[in-house]
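Before any comments, here is the structure.
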Amino acid sequence: MLNHPPQILTIATTGASGSIFLRQLLLAAVRDERITAINFIASDSALRVLAEELGLVGVIGVLALFLALVWRAFRISRMAAQAGLTFQSYVALAFGVWLGLQAIVNIGVNMGVLPTKGLTLPLLSYGRSSLLVSLAWIGVLLRIYHEVKCTSRSAVMRTPGGAR
């Protein structure tokens, strides 16, 4: 047998649609055929488990959601810069970069391209502190968006002939 890391075998053998949940539960009840060589399934390897259960479609969906969140953070950063909120713009930009880099590193580790770093996948991996920090960042990002909208509304109200 070839000596492949278990993460490559897990992701490569799941197929496009993943496994059927009921079949996997029955197999797990009869004999433990699920991922056994992965040490930290809930924290470091959440994408591997997702790839096993939902297949390529699920992984592409998660990647699309991360890409949308990073893109939205960059867009909010640009909106804040245009509204004259420089510090808020940098904070939103930092969130987008942080989220994107942490997701890329975790996905690379799960695919076996990068060495294990111990970084969790934001918003998906188990861990109270990681989840708490990710949700706090999203709360700050939403507040920046709210401030940008309030600043743009007050600028419209102050202009002569603005909305009445």
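Quick one: Leu114 ticks every box in (1) in contact with a helix residue (DSSP H, G or I) (Cβ under 7 Å, 6 or more places away or on another chain); (2) surrounded by 16 or more Cβ atoms within 10 Å (Cβ to Cβ); (3) under 30 Å from Ser45 (Cα atoms) except a single one, so which number is it?
The failed condition is (2).
How about the stretch 84-103: which of its residues are among the β-branched types (Val, Ile, Thr) and exposed (fewer than 15 other Cβ atoms within 10 Å of the Cβ)? Working first, answer last.
As a first pass, look at the stretch 84-103 and keep what is among the β-branched types (Val, Ile, Thr): 86, 91, 97.
Result: Thr86, Val97.
Does Ala81 fit the bill of being assigned to a helix (DSSP H, G or I), in contact with a helix residue (DSSP H, G or I) (Cβ under 7 Å, 6 or more places away or on another chain) and crowded, with 19+ Cβ neighbours inside 10 Å?
Values: assigned to a helix (DSSP H, G or I): yes; in contact with a helix residue (DSSP H, G or I) (Cβ under 7 Å, 6 or more places away or on another chain): yes; crowded, with 19+ Cβ neighbours inside 10 Å: no.
Against the criterion (assigned to a helix (DSSP H, G or I), in contact with a helix residue (DSSP H, G or I) (Cβ under 7 Å, 6 or more places away or on another chain) and crowded, with 19+ Cβ neighbours inside 10 Å), Ala81 does not qualify.
Answer yes or no as to whether Arg48 is surrounded by 15 or more Cβ atoms within 10 Å (Cβ to Cβ) and either closer than 19 Å to Met111 by Cβ or modelled with pLDDT under 95 (or both).
Working: surrounded by 15 or more Cβ atoms within 10 Å (Cβ to Cβ): yes; either closer than 19 Å to Met111 by Cβ or modelled with pLDDT under 95 (or both): yes.
It is true that Arg48 is surrounded by 15 or more Cβ atoms within 10 Å (Cβ to Cβ) and either closer than 19 Å to Met111 by Cβ or modelled with pLDDT under 95 (or both).
Assess whether Ala80 counts as being closer than 15 Å to Ser152 by Cα and among the aliphatic types (A, V, I, L, M).
yes
Being farther than 29 Å from Gly84 by Cα and modelled with pLDDT of 90 or more narrows it down to one residue among Leu124, Leu141, Leu119, Leu132; which is it?
Numbers: Leu124 fails: modelled with pLDDT of 90 or more; Leu141 fails: farther than 29 Å from Gly84 by Cα; Leu119 fails: modelled with pLDDT of 90 or more.
None of the other options fit; the residue is Leu132.
Within the stretch 135-145, is even one residue surrounded by fewer than 15 Cβ atoms within 10 Å (Cβ to Cβ), more than 18 Å from the chain's Cα centre (by Cα) and not aliphatic (A, V, I, L, M)?
yes
I'm trying to understand the selection: among the residues of the stretch 86-121, which are part of a loop (DSSP other than H, G, I, E, B) and either aromatic (Phe, Trp, Tyr) or in contact (Cβ under 8 Å) with a residue 40 or more places away in the chain (or both)? Let's see the steps before the verdict.
Narrowing the stretch 86-121 to residues part of a loop (DSSP other than H, G, I, E, B): 112-121.
Once the filter is applied, which keeps residues that are part of a loop (DSSP other than H, G, I, E, B) and either aromatic (Phe, Trp, Tyr) or in contact (Cβ under 8 Å) with a residue 40 or more places away in the chain (or both), the stretch 86-121 yields Gly112, Thr116, Gly118, Leu119, Thr120, Leu121.
Give Val97, Val148, Val105, Val156 a once-over and let me know the one that is at pLDDT below 90 and of a type in the set (A, V, I, L, M).
Numbers: Val97 fails: at pLDDT below 90; Val148 fails: at pLDDT below 90; Val105 fails: at pLDDT below 90.
Sole residue among the options that is at pLDDT below 90 and of a type in the set (A, V, I, L, M): Val156.
Which residues, taken from the stretch 56-77, are within 17 Å of His146 (Cβ to Cβ) and surrounded by fewer than 14 Cβ atoms within 10 Å (Cβ to Cβ)?
Passing the criteria: only Arg75.
Give the number of residues within the stretch 122-150 that are of a type outside the set (Phe, Trp, Tyr), over 17 Å from Trp71 (Cα atoms) and not in a helix (DSSP H, G or I).
3
The values are calculated or read from the model by the stated rules, or taken from the named source; none is laboratory data. Everything numeric here is computed off the predicted structure, so don't read it as measured data. With ideal geometry, Cβ positions are generated from the backbone for all residues, glycine too; neighbour counts draw on all protein chains shown.
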